[in-house]
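The values are calculated or read from the model by the stated rules, or taken from the named source; none is laboratory data. Quick caveat, the model's predicted, so the values are computed rather than measured. Neighbour counts run over all protein chains shown; Cβ positions are idealised from the backbone, glycine included. Keep in mind that these areas ignore ligands, DNA and RNA; they rest on the heavy atoms of the full protein, side chains included. Shrake-Rupley method; radii C 1.70, N 1.55, O 1.52, S 1.80 Å.
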Number of protein chains: 2
Amino acid sequence: QGTRDHAPAQAALRDRLLSAVVSCFKRHGAAAIDTPVLELREMLVGKYGEGSKLIYELQDQGGELLALRYDLTVPFARYLAMNKITNMKRYHVAKVYRRDKPATTRGRYREFYQCDFDIAGQFDPMIPDAECLKIVHEILSDLQLGDFVIKVNDRRILNGVFAVCGVPESKFIPACSTVDKMDKMPWEEVRSEMVGEKGLSPEAADRIGEYVQLHGGLDLIERLLQDPKLSQNKLAKEGLGDMKLLFEYLSLFGITGKISFDLSLARGLDYYTGVIFEAVLLQQDNEHVEEPVSVGSVAGGGRYDGLVGMFDPKGRKVPCVGVSIGIERIFSILEQRLEASGEKLRTTETQVLVATPQKHLLAARLKLISELWDAGIKAEMLYKKDPKLLKQLQYCEDTGIPLAAIVGEQELADGVVKLRDVATRQEVRM
Amino acid sequence: QGTRDHAPAQAALRDRLLSAVVSCFKRHGAAAIDTPVLELREMLVGKYGEGSKLIYELQDQGGELLALRYDLTVPFARYLAMNKITNMKRYHVAKVYRRDKPATTRGRYREFYQCDFDIAGQFDPMIPDAECLKIVHEILSDLQLGDFVIKVNDRRILNGVFAVCGVPESKFIPACSTVDKMDKMPWEEVRSEMVGEKGLSPEAADRIGEYVQLHGGLDLIERLLQDPKLSQNKLAKEGLGDMKLLFEYLSLFGITGKISFDLSLARGLDYYTGVIFEAVLLQQDNEHVEEPVSVGSVAGGGRYDGLVGMFDPKGRKVPCVGVSIGIERIFSILEQRLEASGEKLRTTETQVLVATPQKHLLAARLKLISELWDAGIKAEMLYKKDPKLLKQLQYCEDTGIPLAAIVGEQELADGVVKLRDVATRQEVRM
């Protein structure tokens, strides 16, 4: 349940998608690493907040207690700490596992690919953070998924908001996970969860509401930097200062048009410590030129400066920022689009079919195809002793093979091969 | 235990290796499929013989009882049966899991990659089987691993041998798994296991010994086809007839020089029904020109005509033959060779570092690198506001970046970029 086989057409589409993502990661100078699907259970404990209950555990068959990885970020942090690496730019494309309620039509599976790019190291503020946003912008533009917006916020700004609204520090994380639901439910419901389940005072909730419904650009950052309450809070001030710097860098990258500073963005995971972001695709309303409708998140990430320290025996921190591309949702969109277009994706790359028009010529086919393979040419033949020529040409048409190399009795006698263009039926002897 | 992280240098080497293998599979017209790492436990039961106890099981957390796949062949057969596919040529490169005793220096891990190529369908005999052997030959030649031999046998010949030596049919499988150990221990020990543990009569064991110590080529096949006892056995006769045909096709492929018909080859898995084969690397003895020494199996496979039927509710069979490339052992060899050579593999593909020679030029770097990325050029910069030029050039040398694009105050004023060849220190303004 919640997993799927990829048939050849799907595997080919996925290959195409993953190589677009990987070539962007390589364009930004990232190296690949690979870590096991299995991690020690204790490594995953306490890293994912409410997600922890979705971790797949392996049966105790003697030996270590294991679990399947839940994401690629925690294994990366574990890898850095284990190898005492303080500086690295890496990508990792691999499957992760969550015992979640599957919603396969929306691209939510229990086994799914993640494509992560992360930068670890102590650097000048916001330079690597800006690059992560640039990467999201490049990938979503390359894939031509339609209009999108990248929402940006900072955990320090959110925590500052909570503080100046009178929320005790012990309730920052629950308040944050409630704010995180603002893209799925109206403010009134979020407010009532804050007051009811999370135990905030109605006044605090109302004050939070005034902030977290704001979104904008540099103007909003400037306004909040002047906000009489928020500007007094150290964390918020730091966050806003960095946000301003981030916008400066993004404007040099020429991508601020797709960026929205959005105070309702909270992100579910516990480990974020600074900038957070999430890209959503927009669907233009056909009838009216109104506010575009979000069709879901396709990339997300942020800064997590404390995670590596959790795996280091001495707690040494390595600041990190990274992005994860939500490949499954993008795959669903591309798959639906391909289906709608009626286009048939080739699942093989075969260049030529080696064919014979008469019987008793298997040996000639085997000799020729072997020469082609040895010359690096992608070639196939039918696995029959005496196939009909029509069947052989039909196979080319069915699978998209553009050429047939035909050896008949005449060609053998003349020491030539007849090369046929399957589409135009033109033939040359060579 | 028995798993490993791949650091960038290892990941780069593995990438290179896997793409050599995959490009061979594509050259032979195979399509890719992908199946989940998780399978229903019941699907894996009874397919692996003695290997079954090595299957990783997931904890029962409610819902289905799951296990990690043990190989890629059983999931392929399950996929064919589930989708009622009777004809397919596919490859699959992915990780599999075995709770085996790890021997990491020899490349034996609990999580490891398999690279499988299989042909499913009802075809004329030995044509797809011969292609599988051609593939092994191509890959091992391409990778320049040194001399190798591909041992070939047929389960029908082995069973015929057991029958004419007086082994009851119920003991064919245990006898087969004992013969399988002949590459690891001398015949005397194999014989004593047959008589002791497996309960064969000493006479039967001796008679078996006379056969399974034989190896050769077409001459041996001809001799056994004339063997007074073996030629009377229906199974053996079929197997020997097909073996003769296989050698005919392999000779058209020009590869019989590396093929050895070896009656001691048995292969561990239960599901093989016909041709079986295994490639081993040979190490030339330095001092004498004697028999070469085997350094281990690097590919194996065979025909399994009954496996798909085990997954079909009506037991409909789909004949299959396939090969699995033992990528881990090959990886270990290449890794050791790389270490010995002192060659440093680049782990990134960055073409140019964007650098500045003076302070306060971060904006210029950000603008230029953004243009390069948008033009599809692989570019990096240091994540510092004001890095020293020497540090930037040092970074190029450390990571193998061939070019530096330098923008200083003068270049900005002139509207040019200085492009520097890191190795030769030559510069051009452009």
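Amide H contacts of B:ALA31: B:LYS89, B:ARG90, B:TYR91, each under 5 Å away and 5 or more positions distant or on a separate chain (H built 1.01 Å from N in the peptide plane; Pro and chain starts excluded).
Here the Gaussian network model covers chain A, with springs between Cα atoms less than 10 Å apart; of A:LEU263, A:LEU72, A:LEU345, A:LEU345 fluctuates the most. Note on the range A:64-193: along the principal axes its Cα atoms extend 43, 42, 41 Å, ordered by decreasing extent. Separation of the range B:367-388 and the range A:176-193, taken as the distance between their Cα centroids, equals 39 angstrom.
Between copies, B:HIS215 shows label-point distances of 6.8 nm, shortest first, with the point placed 7 angstrom from Cα along Cα to C-beta.
Per residue of peptide A:2-11, the mean number of Cβ atoms on other chains within 10 Å of the residue Cβ is 6. DSSP beta bridges fully contained in the range A:352-429 are about 55 percent antiparallel. Roughly how much accessible area, to the nearest 100 Å², goes out of reach of solvent when A and B pair up, both sides summed, probe 1.4 Å? For chain A against chain B, roughly 6600 Å² becomes buried.
Look at the Cα gyration tensor of the protein assembly as shown: its axes a ≥ b ≥ c give a/c of at least 1.5 with a/b over b/c, and that counts as prolate.
Highest average first, the peptides B:106-113, B:409-416 ordered by how many other beta carbon atoms sit within 10 Å of their residues are B:106-113, B:409-416. For the range A:125-264, the spread of Cα coordinates along the three principal axes comes to 45, 32, 22 Å, biggest extent given first. Shape of the range B:352-429 from the C-alpha gyration tensor: rounded (a/c under 1.5, with a ≥ b ≥ c the square roots of its eigenvalues). Taking every residue in A:342-350 and counting other chain Cβ atoms within 10 Å of its Cβ, the average works out to 3.
Counts of other chain beta carbons within 10 angstrom of each beta carbon in peptide B:363-372 average 4. Across the range B:88-162, how large is the tail of the calculated P(r) beyond 15 Å, expressed as a percent of all Cα pairs? Distances greater than 15 Å cover 73 percent of the Cα pairs.
Protein heavy-atom surface of the range B:312-371, 1.4 angstrom probe: 52% of the accessible area is carbon and sulfur, with nucleic acids and ligands not counted. Take B:ALA340, move 7 Å from Cα toward the beta carbon, and the resulting point lies 5.8 nm from the same point in each other copy, nearest first. Computed over protein heavy atoms with a 1.4 Å probe, the accessible surface of the range A:352-429 works out to 53 Å² per residue. For B:LYS359, the label point sits 7 Å beyond Cα toward Cβ; its separations from the matching points on the remaining copies run 9.0 nm, from shortest to longest. At what distance in angstrom do the alpha carbon centres of the range B:146-173 and the range B:389-427 lie from each other? Centre-to-centre distance over Cα atoms comes out at 66 Å. Sorting A:305-314, A:27-36 by their mean Cβ neighbour count within 10 Å, with the most densely packed peptide first, gives A:27-36, A:305-314.
Each Lys and Arg Cβ is given +1 and each Asp and Glu Cβ -1; about its Cα centre, chain A then shows a dipole of about 1180 debye. Ranking A:LEU214, A:LEU44, A:PRO128 by Cα position along the charge dipole of the range A:8-341, where only Lys, Arg, Asp and Glu carry charges on their C-beta atoms, puts A:LEU44 farthest toward the positive end. Only beta bridges with both residues in the protein assembly as shown are counted; by DSSP, about 80 percent of them are antiparallel.
Looking at B:ILE377, B:HIS137, B:VAL93, which one has the Cα that reaches farthest to the positive end of the dipole of the protein assembly as shown (charges on Cβ: Lys, Arg +1; Asp, Glu -1)? It is B:VAL93. Which shape class, rounded, prolate or oblate, goes with chain B when its Cα gyration tensor gives a ≥ b ≥ c as root eigenvalues, a/c under 1.5 marks rounded, and past that a/b bigger than b/c marks prolate? Prolate, since a/c reaches 1.5 and a/b exceeds b/c.
When the range A:352-429 is described by a simple charge dipole with +1 on each Lys and Arg Cβ and -1 on each Asp and Glu Cβ, the residue from A:THR399, A:LEU419, A:PRO387 located farthest towards its positive end is A:PRO387.
Restricting the range A:50-96 to trypsin sites (Lys or Arg not before Pro) that sit in a DSSP loop and have at most 10 other Cβ atoms within 10 Å of their own Cβ leaves A:LYS84. The range B:214-290 and the range A:24-78 have their alpha-carbon centroids 45 Å apart.
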